Amino acid sequence: MKICYFCCSTIYGGVEKIVVDSINEISKVHETLLIVPFGCKYKDKLSDEVEIYEYKSYDKRYNPFLYLEISEIIKNYDIVHTHGAKASQITYLINKFITSFKHIATKHNSRKGKIFNKIKNVISVSSKVANTITHSSKVLYFGIKKNQNLIPVKNNIFTILAVGRLDPIKGFDRLIEEVSKLKFDFHLNIIGEGNQKDKLEELINSKNLNQKVSLLGFKDNIPQHLLNCHLQVMSSLSEGLPLTLIEGILYSPIIISTPVGGIVEILDKDYLVNIDNFSEIITKIHDNYCYYCEDFQNKHIYFHSKFNFDDYIKILLECYKGCKDAKAL
């Protein structure tokens, strides 16, 4: 099959990692192309087998020149797989008004994206996300290849880790407020980049937490950081099914999270916490650490096999074949 991926993001985050890992694997046996905006920052992560097309037209949803440019590329492919609302909307309109092809779209979060109600073939990253679409969709959890060679390196200080773009939706400001209440020695590392960095730095300064909270920026070796921490925290106000949760299940000793999106499908209820109670549960985990480590692992061992990358790719290719062979969209 000739398979085209289309993503309108230039930065590298959880969604982009899913795109890159998926198309790199698929390119081993199929002809592949990734369409991205000019100036994409994660091109170097793509396999040499993946062709890259950076569109030059002004990057707006209703720019007719963008539609014409993209349509000339995707018309030559058996399957066009879009990630995110913007790429999916552009592709839907090209498919409807310019040229016909088989289109699959992945919805990554529970917010926005009414366009997915119009696209027949939709993959949802969780059941919660699927429930935001007015017709049935395929629920497919992403998988990862666990690196068995990594060894945890623990700090003597209780280390808390949060991963995600620095955006208000991730609730990092609330998280910082909560850890400021802790009465024991700790260190919070936040991995990620984003437009909320300055505000978070101001908050850290105002709470006199400069020695206890660090904004580490972008990091490639997330699994190692997860292994090294004592506790992973997820403070999001809204989510689909974040990649950091899947990675955390395989690498983190313990995870607590706000009860949002597909996270509630994975984490046991004892580890779903209202953000206003984060300081309380973090203290309990700190004071009874061995118990919670064993309890968390026992309650989530099932998902170690559920998030298998090879199984994910196999199901994904079956979706492509089914779509390609269908008589109508």
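The values are calculated or read from the model by the stated rules, or taken from the named source; none is laboratory data. Please read these numbers as outputs of a predicted model, since none were measured by experiment. Note: ideal-geometry Cβ built from the backbone for every residue, glycine included; neighbour counts use all protein chains shown. Ligands, DNA and RNA are stripped out before the accessible areas are found, and what is left, the full protein with its side chains, is counted by its heavy atoms. Shrake-Rupley method; radii C 1.70, N 1.55, O 1.52, S 1.80 Å.
Annotations
- Peptide ranges 192-205, 246-259 listed from the most packed, as the mean C-beta count within 10 angstrom indicates: 246-259, 192-205
- Relative contact order (%) - segment 1-144, alpha-carbon pairs under 8 angstrom, separation at least six: 19
- Taking segment 154-289 as the region of interest, the number of lysine pairs whose Cα atoms are within less than 22 Å, with members eight or more places apart or on different chains, is 27.
- Solvent-accessible heavy-atom area per residue, rounded to whole Å², over segment 78-230 at 1.4 Å: 48
- Dividing the Cα radius of gyration of the chain by its Kirkwood radius returns 0.99 for Rg/Rh.
- For segment 124-177, the C-alpha radius of gyration divided by 2.2 N^0.38 Å, with N the number of residues, is 1.74.
- Placing +1 on the Cβ of every Lys and Arg and -1 on the Cβ of every Asp and Glu, with nothing else charged, gives the chain a dipole about its Cα centre of roughly 1040 debye.
- Per-residue SASA remark: LYS324, around 80 Å² accessible (1.4 Å probe; ligands, DNA and RNA not included).
- Most to least packed among 81-93, 25-37 [average Cβ atoms within 10 Å]: 81-93, 25-37
- With N as its number of residues, segment 15-106 has a Cα radius of gyration that, divided by 2.2 N^0.38 Å, comes to 1.03.
- The figure for CYS8 is an accessible area of roughly 20 square angstrom, using a 1.4 Å probe on the protein chains alone.
- Dipole of the chain, positive direction: furthest Cα of SER88, ILE281, HIS30, with charges on the beta-carbon: SER88
- Carbon + sulfur, % of accessible area of the chain - ligands and nucleic acids excluded, 1.4 Å: 49
- Lysine pair count for segment 1-97 [Cα-Cα under 14 Å; pairs on different chains or 8 or more apart]: 7
- Residue-span extension gain [TYR291 to ASN274] - 0.36 nm each, minus C-alpha spacing: 4.0 nm
- ILE52, ILE190, ranked by accessible area, largest first (probe 1.4 Å): ILE52, ILE190
- Only protein heavy atoms count here; on that basis, with a 1.4 Å probe, VAL153 has an accessible area of about 100 Å².
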